[in-house]
Amino acid sequence: VVRCITVGLIAHYYQMEHVRDRHAVTVGVFHHRTAKDTAFFKRLQMLQKMIARCEHESIPKIQEVSQVGGRACIFLDPVAGMSLSQYFRTHGSPGESGIGVEKTTEIIAKLHGAMGYAHAHSLDHRDMDSELVHVQEDGSLKILGIGVKSALGVDLFEEIVSASVSPLVCDRTPDRLNSFDIMSPEYR
């Protein structure tokens, strides 16, 4: 493990080096409750096939779907760079112009383009937050988690959410918004 890319409600993503030939790989390790659902594993394999047909720079390919240590995992093309949250903190000027209208418009256009492409290929992203979008060194974006929430299915998603409920009120100001922060009250 090189570093943890992001910790989420559904999955944690890690930048890793493969043990055999040391090539870079991004690994998504899913919530432990997914391990008992064999249908989820099969849906992940179907998602892998769907994403294999996509040719968009923002959508990392799933190289492998596997069980590791009793946990469902996906091995993805490498995702480097920094999350949008990190990017805003690094490049923005809070209280002033942030990252600026031009850069903001560029990022939004890239996100819309990627999501439009994904939707045209019957893929969605129902759990996007600023930690799952990564700005690469060349300015391109990589989006983690496309199609994953659909692969979970409603019952498994609700089971994970109900087991992971956080406090509704917090006395600190968050430096990022995650899926739970923007979730509707009925899901909470």
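For VAL68, only one of the following conditions fails: (1) open to solvent by 50 Å² or more (accessible area, probe 1.4 Å); (2) among the aliphatic types (A, V, I, L, M); (3) under 13 Å from LYS142 (Cβ atoms). What is its number?
Failing condition for VAL68: (3).
Take the residues in the stretch 15-44 that are among the acidic types (Asp, Glu) and part of a loop (DSSP other than H, G, I, E, B); name whichever of them is farthest from HIS121 (Cα to Cα).
Step one: list which residues in the stretch 15-44 are among the acidic types (Asp, Glu), which gives 17, 21, 37.
Right, trim to part of a loop (DSSP other than H, G, I, E, B) and you get 21, 37.
Details: ASP21: 33, ASP37: 25 Å.
Per the stated criteria, the residue is ASP21.
Inside the stretch 122-157, can you point out the residues that are open to solvent by less than 20 Å² (accessible area, probe 1.4 Å), under 21 Å from GLN45 (Cβ atoms) and of a type in the set (Val, Ile, Thr)?
ILE143, ILE146, VAL148
Taking LEU168, is it part of a helix (DSSP H, G or I), over 23 Å from SER83 (Cα atoms) and either out of contact with any His (no Cβ under 9 Å at 6 or more places or on another chain) or at pLDDT 85 or above (or both)? Give the steps one after another, and end with the answer.
Numbers: part of a helix (DSSP H, G or I): no; over 23 Å from SER83 (Cα atoms): yes; either out of contact with any His (no Cβ under 9 Å at 6 or more places or on another chain) or at pLDDT 85 or above (or both): yes.
It is false that LEU168 is part of a helix (DSSP H, G or I), over 23 Å from SER83 (Cα atoms) and either out of contact with any His (no Cβ under 9 Å at 6 or more places or on another chain) or at pLDDT 85 or above (or both).
Are any residues in the stretch 71-86 of a type in the set (A, V, I, L, M) and surrounded by 16 or more Cβ atoms within 10 Å (Cβ to Cβ), and if so, which ones? First the steps, then the outcome.
Filtering the stretch 71-86 down to residues of a type in the set (A, V, I, L, M) leaves 72, 74, 76, 79-80, 82, 84.
Of everything in the stretch 71-86, those that are of a type in the set (A, V, I, L, M) and surrounded by 16 or more Cβ atoms within 10 Å (Cβ to Cβ) turn out to be ALA72, ILE74, LEU76, VAL79, MET82, LEU84.
Please work out which one of (1) open to solvent by less than 50 Å² (accessible area, probe 1.4 Å); (2) touching a residue at least 60 places away in the same chain (Cβ under 8 Å) is the condition VAL25 fails and give its number.
(2)
Could you run through the stretch 38-61 and say how many residues are in contact with a Lys or Arg (Cβ under 9 Å, 6 or more places away or on another chain) and either open to solvent by 40 Å² or more (accessible area, probe 1.4 Å) or without any contact (Cβ under 8 Å) to a residue 40 or more places away in the chain (or both)?
3
Under the condition of being charged (D, E, K, R) and over 16 Å from SER140 (Cα atoms), which residue from the stretch 87-112 is modelled with the lowest pLDDT?
Here the residue is GLU96.
If MET82 meets every condition in (1) within 30 Å of HIS18 (Cβ to Cβ); (2) modelled with pLDDT of 95 or more apart from one, which number is that one?
All conditions pass for MET82, except number (2).
The values are calculated or read from the model by the stated rules, or taken from the named source; none is laboratory data. Keep in mind that what you see is a predicted model, and the values were worked out from it rather than measured. Note: ideal-geometry Cβ built from the backbone for every residue, glycine included; neighbour counts use all protein chains shown. To get the accessible areas, we keep the full protein, side chains included, count just its heavy atoms, and leave off ligands, DNA and RNA. Shrake-Rupley method; radii C 1.70, N 1.55, O 1.52, S 1.80 Å.
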